[in-house]
Amino acid sequence: MRFNSIQFFTNAAMMMSIIFIPNLAEEMGATYTQVGIIMSVYGACLFFSSYIFSKVAESQNIKKLLLLGLSCSTVAYFLQIFAYDPLSLALLRGLLGICVGMYPAAFIMHIYGLKRSIGKFSSFGALGWAFGFFVAGLIGDFDLIFLLSSLMVILSLLIAVSIPEVQVDKMKVNYFSFSTIKNNWSIYLAFFIRHTGAVGCWTIFPLYMINLGADLFWIGLLFTINPLVQFFIMRQLDGRNMEHVVQTGYLLSILAFISLVPASIYYHIIPSMFLVAISWSFLLVGSTELLLMRNKDKATSAGYINSVISLSMITGALLGGTLSGMFGFTTVFIVATGLSLVSLLISLISLTHQPVRD
């Protein structure tokens with residue numbers, strides 16, 4: 001239960017802190033393109049941090065790494081309160097990205113070392129997302145949201161101090177080796193392309209909801225649907241054919257993003273959020289399970305999923321901000337649909353031919 005609680009609170013803090021960044025940036029005078037840049041700075045720093053600390057988790061004490069990452073994140077969440085313009089907001093979001101990228105690989109190695117269900121573990125992350133989105137919408141005050149995010153990570157840190165040491169195999173690490181990426185390129189590439197489109201959508205989504213008549217409470221409530229559904233779906237995926245799970249996830253992503261196009265008022269989005277939730281559940285659990293099964297460097301291979309997600313946050317945020325500024329919100333959803341189709345094709349052609357290496 002301690003691991004699930006940490007997963008819940010850290011993910012709640014992450015989503016609570018990110019949901020209204022586009023709205024805060026716009027209040028500070030940022031254009032849609034600048035909103036995309038601010039979001040991409042966070043993604044760039046998260047990418048760099050996730051890459052480095054996924055490698056570190058292969059050779060160092062994973063509990064100490066987990067505690068260090070949570071400690072740094074506590075401070076970084078709180079410092080967001082002091083952002084006063086688009087530039088300071090971008091810099092503080094970048095600092096948070098570095099801190100948040102420090103601990104996920106170490107954390108998932110605890111779960112793997114204890115032979116816990118990846119699907120059930122991931123589901124508590126989704127439940128944290130739901131809680132974070134809902135509470136952020138309920139509060140509606142940026143400074144209070146950042147403060148509460150920091151307090152949640154403090155609570156996670158206190159719980160993490162008491163978790164047992166987990167013995168996992170240590171490996172000699174080459175920080176400049178890209179063999180893991182080469183061996184699993186189809187998984188990472190398909191995931192990256194689809195998630196670039198998704199992040200493009202979510203970058204401008206709060207602004208789109210305002211345009212459709214929603215207030216901050218309704219934005220938080222609509223965002224809550226996605227992870228709440230994920231919580232129930234992820235728990236049902238153990239023991240399934242993960243190649244088929246992943247491919248189904250890409251197919252559902254196509255349906256989810258194209259279904260956003262005809263919305264004329266904010267509550268028309270509700271069915272789309274169910275589709276998004278199911279597709280993401282299939283993709284995250286399925287891709288992580290495949291990487292853990294197929295690779296000996298498990299912390300690196302599974303940790304790279306976080307690197308791919310954060311890299312997508314760079315490209316997706318820039319894509320969403322630029323396209324919406326030039327052509328409007330609908331264009332972003334259409335492009336996301338096309339990117340999901342590309343990912344499905346990559347998965348169908350390449351994924352089933354990926355060899356097992358463990």
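The values are calculated or read from the model by the stated rules, or taken from the named source; none is laboratory data. In this text, all values refer to a predicted model and were calculated from it rather than measured experimentally. Reconstructed Cβ throughout: ideal geometry from the backbone, glycine too, with neighbour counts over all protein chains shown. Each accessible area value is taken on the protein alone, full model and side chains, heavy atoms only, with ligands, DNA and RNA left out. Shrake-Rupley method; radii C 1.70, N 1.55, O 1.52, S 1.80 Å.
Filtering I139, I98, I154 for residues that are among the β-branched types (V, I, T) and closer than 21 Å to M313 by Cα leaves a single hit, I98.
Taken together, the criteria exclude S307 from residues that are touching a His at 6+ places or on another chain (Cβ under 7 Å), in a helix (DSSP H, G or I) and not acidic (D, E).
Among the listed residues V161, V166, V199, which satisfies the condition of being buried (at least 22 other Cβ atoms within 10 Å of the Cβ), touching a helix residue (DSSP H, G or I) at 6+ places or on another chain (Cβ under 9 Å) and either in contact (Cβ under 8 Å) with a residue 60 or more places away in the chain or more than 30 Å from F53 (Cα to Cα) (or both)?
On the way: V161 fails: buried (at least 22 other Cβ atoms within 10 Å of the Cβ); V166 fails: buried (at least 22 other Cβ atoms within 10 Å of the Cβ).
None of the others qualify; the one that does is V199.
Out of curiosity, is A90 among the hydrophobic types (A, V, I, L, M, F, W, C), farther than 18 Å from I309 by Cβ and either in contact with a strand residue (DSSP E or B) (Cβ under 9 Å, 6 or more places away or on another chain) or not in a helix (DSSP H, G or I) (or both)? Spelling it out, it is not the case that A90 is among the hydrophobic types (A, V, I, L, M, F, W, C), farther than 18 Å from I309 by Cβ and either in contact with a strand residue (DSSP E or B) (Cβ under 9 Å, 6 or more places away or on another chain) or not in a helix (DSSP H, G or I) (or both). Quick check: anything in the stretch 31-49 in contact with a Pro (Cβ under 8 Å, 6 or more places away or on another chain) and closer than 25 Å to I154 by Cβ? Taking every residue of the stretch 31-49 in turn, none turns out to be in contact with a Pro (Cβ under 8 Å, 6 or more places away or on another chain) and closer than 25 Å to I154 by Cβ.
Going through S301, S307 one at a time, which residue ends up being open to solvent by less than 10 Å² (accessible area, probe 1.4 Å), touching a Phe, Trp or Tyr at 6+ places or on another chain (Cβ under 6 Å) and among the hydroxyl-bearing types (S, T, Y)? Let's see the steps before the verdict.
Numbers: S301 fails: touching a Phe, Trp or Tyr at 6+ places or on another chain (Cβ under 6 Å).
After ruling out the rest, the residue left standing is S307.
Under the condition of being among the aliphatic types (A, V, I, L, M) and open to solvent by 40 Å² or more (accessible area, probe 1.4 Å), the residues counted in the stretch 129-156 number 8.
Please go through the stretch 59-105 and give me each residue that is without any contact (Cβ under 8 Å) to a residue 12 or more places away in the chain and either touching a Pro at 6+ places or on another chain (Cβ under 8 Å) or closer than 20 Å to Q34 by Cβ (or both), ordered by number. Answer for the stretch 59-105, where residues must be without any contact (Cβ under 8 Å) to a residue 12 or more places away in the chain and either touching a Pro at 6+ places or on another chain (Cβ under 8 Å) or closer than 20 Å to Q34 by Cβ (or both): F82, L87, S88. Take the conditions (1) among the β-branched types (V, I, T); (2) at pLDDT below 85; (3) within 12 Å of the chain's Cα centre (by Cα); V308 misses just one of them, which is (2). Hey, Q80 hits all of (1) open to solvent by 10 Å² or more (accessible area, probe 1.4 Å); (2) assigned to a helix (DSSP H, G or I); (3) at pLDDT 90 or above but one; which does it fall short on? It is condition (1) that Q80 fails.
Just give me the residues in the stretch 45-58 being open to solvent by 40 Å² or more (accessible area, probe 1.4 Å) and either charged (D, E, K, R) or over 10 Å from P104 (Cβ atoms) (or both), in sequence order. Talk me through it step by step, then tell me what you get.
Initial filter on the stretch 45-58 (open to solvent by 40 Å² or more (accessible area, probe 1.4 Å)): 47-48, 52-53.
Those that are open to solvent by 40 Å² or more (accessible area, probe 1.4 Å) and either charged (D, E, K, R) or over 10 Å from P104 (Cβ atoms) (or both): F47, F48, I52.
Of the residues that sit in the stretch 324-358 and are open to solvent by 80 Å² or more (accessible area, probe 1.4 Å) and in a helix (DSSP H, G or I), which one is modelled with the lowest pLDDT? Looking at the filtered set, the residue picked out is H353.
No other residue among M16, M28 is crowded, with 24+ Cβ neighbours inside 10 Å and not hydroxyl-bearing (S, T, Y) apart from M16. Here is the figure for the stretch 191-250: residues that are of a type in the set (G, A, S) and either under 18 Å from the mean Cα position of the chain (by Cα) or in a helix (DSSP H, G or I) (or both) total 5.
Yes or no, residue by residue, for (1) small (G, A, S); (2) in contact with a Phe, Trp or Tyr (Cβ under 8 Å, 6 or more places away or on another chain); (3) open to solvent by 50 Å² or more (accessible area, probe 1.4 Å); (4) within 22 Å of F327 (Cα to Cα):
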residue	(1), (2), (3), (4)
D215	no, no, yes, no
V229	no, yes, no, no
Q236	no, no, yes, no
L251	no, no, yes, no
I254	no, no, no, yes
P262	no, no, yes, yes
Y266	no, yes, no, yes
L283	no, yes, no, no
